[in-house]
């Protein structure tokens with residue numbers, strides 16, 4: 001099967017054609033009137049058979065099924081809790097800094113009122 005050069009005047013056999021079936025769904029069929037594309041169902045079956053054959057010949061491409069891994073989900077949950085706690089701590093620190101700033105401003109105001117003494 002495939003393309004090969006033929007001498008001038010070559011007479012085609014019943015299962016041969018000079019037409020290129022490119023663009024037709026595989027497996028194509030050669031009829032007396034020309035190439036016929038496979039139906040969607042035939043094409044799907046053909047592709048599944050080709051994939052099965054390939055995987056049988058190339059087992060390194062098969063992927064073993066892996067059990068579900070909940071460790072990643074658990075780690076993500078723990079990180080979420082840590083972020084939540086950090087947000088709360090940050091809010092508390094911001095409030096404490098604001099209170100400290102108010103105290104410093106109060107001391108500066110008293111110092112200025114007393115003439116810097």
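No value in this document is a laboratory result; all are computed from the given coordinates. None of these values were measured; they are calculated from a predicted model. A quick note on method: Cβ atoms are made from the backbone with ideal geometry, for glycine too, and the neighbour counts reach across all protein chains shown.
Couple of notes before you dig in:
- Inter-label distance for residue 14 and residue 48, nm, one decimal - labels placed 7 Å from Cα along Cα-to-Cβ: 3.2 nm
- MRE, 222 nm, helices only [DSSP H, n ≥ 4, -39500 (n - 2.57), over the chain, to nearest 500]: -19000 deg cm²/dmol
- Length added when fully stretched, residue 58-residue 24, from 0.36 nm per residue minus Cα-Cα: 9.5 nm
- The range 43-117 and the range 6-41: distance between their alpha carbon centers, rounded to Å: 59 Å
- Descending principal axes extents, the range 22-117, alpha-carbon based, whole Å: 113, 35, 20
- Degrees, to the nearest 10: 71-113 long Cα axis against longest axis of the chain: 30 degrees
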